[in-house]
Amino acid sequence: MSTAPNPRPQEPRRSTPTPSRVGTAPPVLPLLTQMEMALRLFMIQSAWNYELLLGNGLGFCVEPALRRLPGGRKGTAYREALARQSQYFNAHPYLAAVAVGALARAELERAEPARIERFRTALCGPLGSVGDRLVWAGWLPFCSLFALAAFGLGAGPVTVVLLFLGLYNAGHVTLRAWGLSVGWRRGMRVASALANPVLREGPGHLARAAALVAGVALPLALGRAIGPGRTLLGG
C-alpha cells in the first residue's frame, strides 16, 4: 500500500512593503485649508523668539494641513507632527512658505520622521540666503528708490507711501503664494525650485535696476527737498 507523500510545507507569505508616496502627485487638500495656510503665512513671525526663531510660526502655518492626519487633532500622528514642525527653524520669512508647503505634504504622505527632520534642517540655509539676497538686498531697496523717484518728480507724501506699499507688497505677496504652491507640488523634491531664474538671477537684475533708479531718484529728491534756486550751502 503506497502512502501519499506529505505536502511540502508552504513558506509564510511575506508582506510587500507599501511604496512611499513621496514625490508622486500631491494629496488633495481642500481649498479652505489651502486658504487658511496662506493667510497664516502673514503671521509666521508673530511667535518669533531667540530660541526657536520661526519654529513656532512654521508649526502654526502647517497646522491646518496636519488636521487631515489619521485621528485628526486628537490623534497621535497630529501631535507628533505638530511638535516636530514647531522646533527650531530659521529662513527668510517670505520664502519660508516653500518650507510650509513642502513639509505639510511630507507629513501627510507619512514620510519617515527622521527624513522629515533632515529635510527640514536642510531647507534653512538655502531659503534664508536666497530670500535675503532677493528681498532685503534687492526688492526692498528697489521699491524704496522707486518711491523716492516719485517724490522727486512731484508726487505727494501719501502718493509716495501708497506707491511704495503697493509695489513692495505686490512682490512679497506673490513670492509667498508661489512658495506655498511650489512647496506643496514638489514636496521633498522642492530643492529644484530654488534654481528658478527669478531666485538665481533676480538679485543681480534688481541690484542693477536699483542702481539705475538711484541715479535718477537721488538728484530729483534732493533738488525738491532743497527747493528751486537753492544749493546745499544755502546760496
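Please treat every number below as a calculation from the coordinates, not as lab data. From a predicted model like this one, the values you see are computed outputs, not experimental measurements. No Cβ is skipped: glycine too gets one built from the backbone with ideal geometry, and neighbour counts run over all protein chains shown.
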request  = Can you figure out the FRET efficiency of R67 with L212, using R₀ = 45 Å and their beta-carbon distance, to the nearest 0.05?
outcome  = 0.40
message = Using only Cα atoms and rounding to the nearest 10 degrees, what angle (0 to 90) does helix 140-152 make with the longest principal axis of the chain?
response = 30 degrees
query = Which is the longest part of the chain that has none of the chymotrypsin sites (Phe, Trp or Tyr not before Pro) sitting in a DSSP loop with at most 15 other Cβ atoms within 10 Å?
reply = 89-235
query = For V190, V213, what's the fewest-to-most ordering of other Cβ within 10 Å of each Cβ?
reply = V213, V190
ask   = How far apart, in nm, are the 7 Å Cα→Cβ label points at R185 and D132?
value = 2.9 nm
ask   = Helix 96-108 versus the longest principal axis of the chain: what angle, 0 to 90°, nearest 10, using Cα atoms?
value = 10 degrees
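Using DSSP loop states and a limit of at most 13 other Cβ atoms within 10 Å to flag trypsin sites (Lys or Arg not before Pro), what is the longest stretch of the chain containing no flagged site?
The longest uninterrupted stretch comes out as 15-229.
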Over the stretch 44-146, volume per residue of the alpha carbon convex hull, in Å³ = 101 Å³
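Any chance you could list the semi-axes, whole Å, largest first, of the equivalent ellipsoid that the Cα gyration tensor gives for the stretch 31-226, using √(5λ)? The partial results should precede the final answer.
Values: eigenvalues 292, 55, 34 Å².
They are 38, 17, 13 Å, listed from largest to smallest.
Just flag the GluC sites (Glu not before Pro) in the stretch 19-97 sitting in loop per DSSP whose Cβ has no more than 16 other Cβ atoms within 10 Å. Numbers along the way, then the final one.
On the way: sites: E36, E51, E80; in loops: E51.
Sparse-neighbourhood loop GluC sites (Glu not before Pro): E51.
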ask   = R0 = 45 Å: FRET efficiency of A177 with A225, Cβ-based, nearest 0.05?
value = 0.75
message = For the chain, what does the helix formula give at 222 nm: sum of -39500 (n - 2.57) over DSSP H segments with n ≥ 4, over the residue count, nearest 500 deg cm²/dmol?
response = -19500 deg cm²/dmol
ask   = Using a basic spin-label model with each label point 7 Å from the Cα along Cα→Cβ, how many nm lie between T33 and A114?
value = 2.8 nm
request  = Calculate, in nm to one decimal, what N196 and Y50 gain on full extension: separation in residues at 0.36 nm each, minus their alpha carbon distance.
outcome  = 49.5 nm
Angle between the chain longest axis and helix 76-85 axis [Cα atoms, degrees, rounded to 10] = 30 degrees
